[in-house]
1. Cα centroid distance between segment 338-382 and segment 75-111, in Å?
2. Out of (i) 6; (ii) 16; (iii) 48, which label holds the value of percent of Cα pairs over 43 Å apart that was computed here?
3. Give the accessible surface of segment 365-460 per residue, rounded to a whole number of Å², with probe radius 1.4 Å and ligands, DNA and RNA excluded.
4. Whole angstrom only: what separates the Cα centroid of segment 29-52 from the Cα centroid of segment 150-204?
5. Rg over Rh of segment 360-448, using C-alpha atoms and the Kirkwood radius, what does it come to?
6. Expressed as a whole percentage, what fraction of the accessible surface of segment 114-194 belongs to carbon and sulfur atoms when a 1.4 Å probe is rolled over the protein heavy atoms?
7. Where does the chain land at 222 nm, in deg cm²/dmol rounded to the nearest 500, when only DSSP H runs of n ≥ 4 count, each adding -39500 (n - 2.57), divided by all residues?
8. Using a 1.4 angstrom probe on heavy atoms only, work out the carbon and sulfur share of the accessible area of segment 394-474 in %.
Amino acid sequence: MSRRAATTATVAATCVLPLVACGGSRRGADWPLPNLDLSSTRALGGSGIDRSNVRDLRIAWRFRFRVPPGESGALTATPVVAGGVVYVQDMKSNVFALDLKTGHVLWRRLFSATNPGPDGLAISGGRVFGATDASAFALDSATGRFVWRHDLVTATARYVDIAPQVANGIVYVSTIGLPPKGRGVLFALDAETGSIRWRLSTIKGRWRVPKEAGGGGAWETPSVADGEVFWGTANSYPYGGSRAHPNGSAHAGADLYTDSLLVVDARTGRLVWYDQVTPHDVRDYDFQLPPMIGSVDGRPVVFGAGKAGLVIAWDRSTHRRLWQTAVGIHRNDRGKLPRRSVSVCPGLLGGVETPMAIADGHLYVPVVDLCMHGSAIGYEPLDSVNVFRRGRGELVALDAATGRKVWTLRLAQPPFGCATVANGVVFTATLDGKVYGVDSGDGRVLWSASLRGGVNACPALASDTLLVGAGVPTGRHARLDLTAFRLASAG
């Protein structure tokens, strides 16, 4: 289940309440892809922001989101930047092109199509690639004119909620497989025409009780390296279970290929190798995050994480796990659930919910500590959970070679704002709208700011500018904006 969809609980509560060298890293000043580059490093070495000047960040402009907040708020997408233009997508799938210097609207393309998110865009070859709830599309980046649009949903794969990846003339997207009979599918589309190059189902075999079961697909952007696409896949449903089918017996078995790292041939869609992290998931433990591509001491490595609160490193040549580190609170998180309700940690909104970053031999991991009550027959309703009161968080730095914890920064609110790195500074943001700039070496807070709404989206960097979106209402006077922070010396 997408963590963006899980923000229903948040909105309801507020409205009523040299070790590593990563390939493909862009050293310029733009942020053209959802996680910066094809390796999903989220570390912009070309940024002008660093440890010495991060305290000089000031608000340069704000862009207001006018759509009413839905189950995931008004914004869940990462802004992308190319050629002095910021492109951002709201939770109605509407796309806006903004001048990076001033925030002035250059053009808009309105869709009015809602999904759980995270949504988002990618820029390549003068085109803006994105998705609505049911389709993928390409727009002319200068004008917003439609280039193509392709419907992807079927009766068993009902939503698209992913920000696309674009590499070598191919656009990679996915559907999500909600019950009944849900079977999420991975797609490769021709970037010029939108035609389908290949598709791959993430569900192997049949569900035991199709009318109750579903799962798979991807809701975070994949990574691409060496002719292969690296995907993190979603959970199987229903989590917990039902009275008729407790402990997920409606989807009996391992439920391949849910909650897995899937490595697929980029050209043909053939499954090359996989590792399932949570077989027969009854706790909503998506292994959903964009896998990060790097190397350790010359060894090619891929790093992954998800809602089970596990960060894992694999050797890309041997496909073996190199290390595994648990982060955050863990309680009643393995095996069958009892019929009585117990506290489960990570809960439905817990674990590593949003993308990590990698730089200078460290992985930077935003962790949500939020337990929930669950049992063999179901979980407490999400709309009854006040995430602000019950949720906490951490930003954890791990040694990329060993998985050892280097430092931990405790946060008063859940960090749904991912990790983003610029020259020794790690940025993250929390549900209450607090933005942090943290020393990547020791975890000290170097700079912070407060937004006018809560954060449920990843920041992005461009030159001397930090872009952070606030899309979650935090009270009567909240404002849902994309805020550009710029170094004072940059003007």
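The values are calculated or read from the model by the stated rules, or taken from the named source; none is laboratory data. Quick caveat: nothing in here was measured; it's all calculated off a predicted structure. Note that each Cβ is placed from the backbone with ideal geometry, even for glycine, and that neighbours are counted across all protein chains shown. What goes into the accessible areas is simple: the full protein's heavy atoms, side chains included, and nothing from ligands, DNA or RNA. Shrake-Rupley method; radii C 1.70, N 1.55, O 1.52, S 1.80 Å.
1. For segment 338-382 versus segment 75-111, the Cα centre distance is 31 Å.
2. The value matching this structure is (i).
3. With the other protein chains kept in place, segment 365-460 gives 29 Å² per residue.
4. Measuring centre to centre over Cα atoms gives 27 Å.
5. Ratio value, two decimals: 1.06.
6. Working: 1270 of 2470 Å².
So the carbon and sulfur contribution to the accessible surface is 51 percent.
7. -500 deg cm²/dmol
8. Roughly 43 percent, rounded to a whole number.
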